[in-house]
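Undergrad: Take a look at the following structure, please.
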Amino acid sequence: MNRRRHATPTPFAVSTRPCWATWAETGSFGSGSLPERCYAARQDGEVVGFAVMDQSFFRQSFVELIVVHPRHQRKGIGEALLLHLEAVCPTEKLFVSTNLSNKQMQRLCRRLGYMPSGMIDNLDPGDPEVIYCKKPQRS
């Protein structure tokens, strides 16, 4: 089996600056605004990914959305965003979910030590949502 190794990512920064305006300019995601807990990954001044976390999931932190631009996927950006969310997570547990069909995200969750916590049917027809949980390490 030939395993693809992750390329060493070009340095990028993860910040708490609201990031929706930059994505809206590309026309990729429509218009609107994201919550203030949006963390953007920027590379060479360009937003290459973002993640949104809140504490509305049974008073625990939940990753509502994590997106990496297709041109920048498989470079460690999604991993860096999740690790950043773990570092700033204000609750005991951090939950994330993904569709059963999203094998790439499931591999990332398992690699980072997230444990499967259940499944929710009937959100997307024929594609259940898999819930993962991790207790972030506290310094």
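The values are calculated or read from the model by the stated rules, or taken from the named source; none is laboratory data. Remember, predicted model here, so these are calculated numbers, not experimental data. With ideal geometry, Cβ positions are generated from the backbone for all residues, glycine too; neighbour counts draw on all protein chains shown.
Undergrad: Return a yes/no flag: does segment 57-75 have any residue that is acidic (Asp, Glu) and under 18 Å from Ala40 (Cβ atoms).
TA: Within segment 57-75, one or more residues are acidic (Asp, Glu) and under 18 Å from Ala40 (Cβ atoms).
Undergrad: OK, next. Which one is farthest from Ala87 (Cα to Cα), of the residues in segment 25-52 that are modelled with pLDDT of 85 or more and among the small types (Gly, Ala, Ser)?
TA: Checked segment 25-52; the qualifying residue farthest from Ala87 (Cα to Cα) is Gly49.
Undergrad: Looking only at segment 42-97, which residues are more than 19 Å from Pro136 (Cα to Cα) and polar (S, T, N, Q)?
TA: Gln43, Gln73
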